[in-house]
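Below is one structure, written out as structure tokens; comments come after it.
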Amino acid sequence: MAETFFTVEILPDGTKVRARAGEVLADVLVRAGLPLSLYCRQRGVCGKCAVRILSGPLPFPEPNEAALLRDRGLGPDHRLACQYLVRGHVSVETLPGSRLEKIAVLDAGPPSAAYVDPAVKRLCLVLEKPPLRSPTAVADDLRARLKSPGLALALPALSKLGGAALGPARPIAAILYDDRELLDIEPDEAGRELYGLAVDLGTTTVALELVDLRTGQAADRVSAVNAQASYGADVVSRITFAFENPDNLRRLRTAAVQLVNDLIGTMCRRTGVPRHRIYDAVVAGNTAMNHIFCGVAVDTLALAPFQAVFSSLPPFPAADIGLALHPQARVYVSPNVKSFVGGDITAGLAASGLAAASGPALFIDLGTNGEIVVKKGGEFAATSTAAGPAFEGMNISCGMLAVPGAVDRAGWAGGFKLRTIDDLPPQGVCGTGLIDILAVALARGLLGRDGRIQGPEKRLRLTDRLSLTQQDVRDVQLAVGAVRSGVELMLREFRVKAADLDRVLVAGSFGSSLDLGNAVALGLLPDVPLDRIAFVGNSSLAGARLFLVSRPARAAAEALAARIGHVSLAVRPDFQEEFVRALEFDRYPKGDS
């Protein structure tokens, strides 16, 4: 028997789509490219996919559907698209509140956006009193109402199901994780707040965002120096410290977790959001930071071949590592790539959309553990370089983080002309200021291409109080050389010339106010037309926020991380020669490949 088809007209767009008899209207609308909100995965328990039926069959709604429509204040000509079966030609009008909303992912750089579809969701329903002759268990009734027979129930939530405060025939709210686990149950009037925590677990700095999971917008942001710094300024020193004594791993983890808890407290006080309304956390750090934060030994990272214990992990209870959130909150760790290329890079690639770049592209994270990713066609490869903390103003005699009073830009007007953050008197120099100062000194002949300060004083005098020493210059020189040699060797691996790069994405808070011309002049960035270079800011934090608000983004990122190849620079026979050559402050050779 031939299949029967009907026409579905979608207003206000005016799109017309063929639908099979009996096809779910929601599937038809999604197939037509409509970003329909299917918050509850088409189980008919959230009421967010309501549409107005302008013409065509209008069957009576089921009691639960009718209740959800009434709750939204909708009339008798409205139906839930996920419950409506196409049985004839129909004309439907979509509602603004029934379409998914897009949010911006990056704070800087090329525009990117994602639909809000978090792992944690709040669904409202009413558990009716069962008949006396067959009183089903409350938990079974809940599973039936949520249309999730395999739903896992946490014991604290089960206890609340039996509490007198809920009772039968009263609206309740179920907090679900990934549609597979019940985190909590509460009276509907308890509050609709639903928050998540995005964490950029950097080697030098830790940054957090408190994110509203209903809108995808950040409610607050805070950052601080990583409390692990007292155990070592870079990844290698912290791995060595942890390797020396098993108790040292606990010290490192405690320092990081306590700092994150303190920063959570700061944001909760400022916003008035209680900790128990934070149900999900995403952590993005390099491989070592991810391991330490989870309390996983880093011994395999201490010795060649520098193997990680895990690349990806299933979400686990926040209480397992001592995070002070909702008692049943979950933690998702951004997947590591390989070796020292970690979850911060996976998060950055996801946020920046590098996978969608058409031509050869380069991603550079200018942090303490500098990471480099090259894309050519459908191939990706990554490596890491020991850039050190100089780009973040650390280990520099007058260095400081990019905070008010830090010199972040410099020029020349008969002497160094300095600009500071918030125009305060100069207190020190942050990473971007260092690049400007050295580029200006190079152009004015105060600094040789070999990094030697010219003149008898062997200092670059900035103010009466601030100056850069020869050792400071050497530290920056080593950082620039580490990044440049890594980039040049990775491009050589792909047989790509620097000048042929279509896109260069620069990640890290250091890059957000970097002067491109000066960075190119020193050889930190490839010598390409400046309009091909884009700063993407703290893409690790942006990626963590993306994973919070978009469950599909997590799956895509895990697939991407698994297909990225890894290049170990240390085993290349030309690495040492390339690194020494890259120590010269100079532009990339135009013909380099």
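Quick note: the coordinates plus some simple rules give every number you see, no bench work behind them. Remember, it's a predicted structure, so these values are computed and weren't measured experimentally. Virtual Cβ from ideal backbone geometry, glycine too; neighbours counted across all protein chains shown.
For the reader, a short list of remarks on this structure follows.
- The chain: angle of helix 235-244 to the longest principal axis, Cα-based, in degrees nearest 10: 80 degrees
- Among Glu558, Glu128, sorting on how many other beta-carbon atoms sit within 10 Å of each Cβ, with the fewest leading, yields Glu128, Glu558.
- Placing unit charges on each Cβ (+1 for Lys and Arg, -1 for Asp and Glu) gives the chain a dipole about its Cα centre, and among Thr266, Leu530, Phe306 the Cα reaching farthest toward its positive end belongs to Thr266.
- For the chain: relative contact order, % (alpha-carbon pairs under 8 angstrom, 6 or more apart): 12 percent
- Net dipole in debye of the chain [+1 Lys, Arg Cβ; -1 Asp, Glu Cβ; about Cα centre; nearest 20]: 800 debye
- Each Lys or Arg adds one and each Asp or Glu subtracts one; over the other residues with Cβ under 12 Å from the Cβ of Gln42, this totals +2.
- Given R0 = 51 Å, the distance between the Cβ atoms of Thr300 and Arg192 translates into a calculated FRET efficiency of 0.70.
- Relative pair counts by distance (%), Cα atoms of the range 195-333, 5 Å bins: 2, 10, 21, 23, 19, 13, 7, 4, 1, 0
- Between Asn248 and Arg551, the modelled label-to-label distance comes to 4.2 nm, taking each label 7 Å out from Cα in the direction of the beta carbon.
- Working note: Debye formula, equal point scatterers on the alpha-carbon atoms of the range 5-98, no solvent; log10 I(q)/I(0) at q = 0.15, 0.18, 0.22, 0.24 Å⁻¹ is -0.48, -0.71, -1.11, -1.34.
- Listed residues Ser550, Asn245, Ala157: farthest to the positive end of the dipole of the chain (Cβ charges): Ala157
- To the nearest ten degrees, helix 551-563 and the longest principal axis of the Cα atoms of the chain are 50 degrees apart.
- Acute angle (nearest 10 degrees) that the helix 343-352 long axis makes with the longest principal axis of the chain, alpha-carbon atoms: 70 degrees
- Gain on full stretching of the segment that runs from Ala137 to Ala113 - 0.36 nm per residue minus C-alpha separation: 4.3 nm
- Count, lysine Cα pairs under 26 Å in the chain, 8 or more residues apart or across chains: 22
- Simple rule: put +1 on each Lys or Arg Cβ and -1 on each Asp or Glu Cβ in the chain, find the dipole, and look at Leu505, Ala402, Leu182; the Cα lying farthest toward the positive end is Leu182.
- The chain - share of DSSP beta bridges that are antiparallel (%, nearest 5): 70 percent
- Inter-part distance where the range 177-204 and the range 95-130 are each reduced to a Cα centre, Å: 13 Å
- Dividing the convex hull volume of the alpha-carbon atoms in the range 260-413 by its residue count gives 187 Å³ per residue.
- Part-to-part distance (alpha-carbon centres) for the range 526-593 and the range 11-88, which is given in Å: 45 Å
- Fewest-first sequence of Thr240, Thr205 by Cβ atoms within 10 Å of each Cβ: Thr240, Thr205
- Radius 14 Å from Cβ of Gly285, net charge of other residues (Lys, Arg +1; Asp, Glu -1): -3
- Separation between Cα centres of the range 316-371 and the range 407-458, rounded to whole Å: 34 Å
- Once you divide the Cα radius of gyration of the chain by 2.2 N^0.38 Å, the number left is 1.11.
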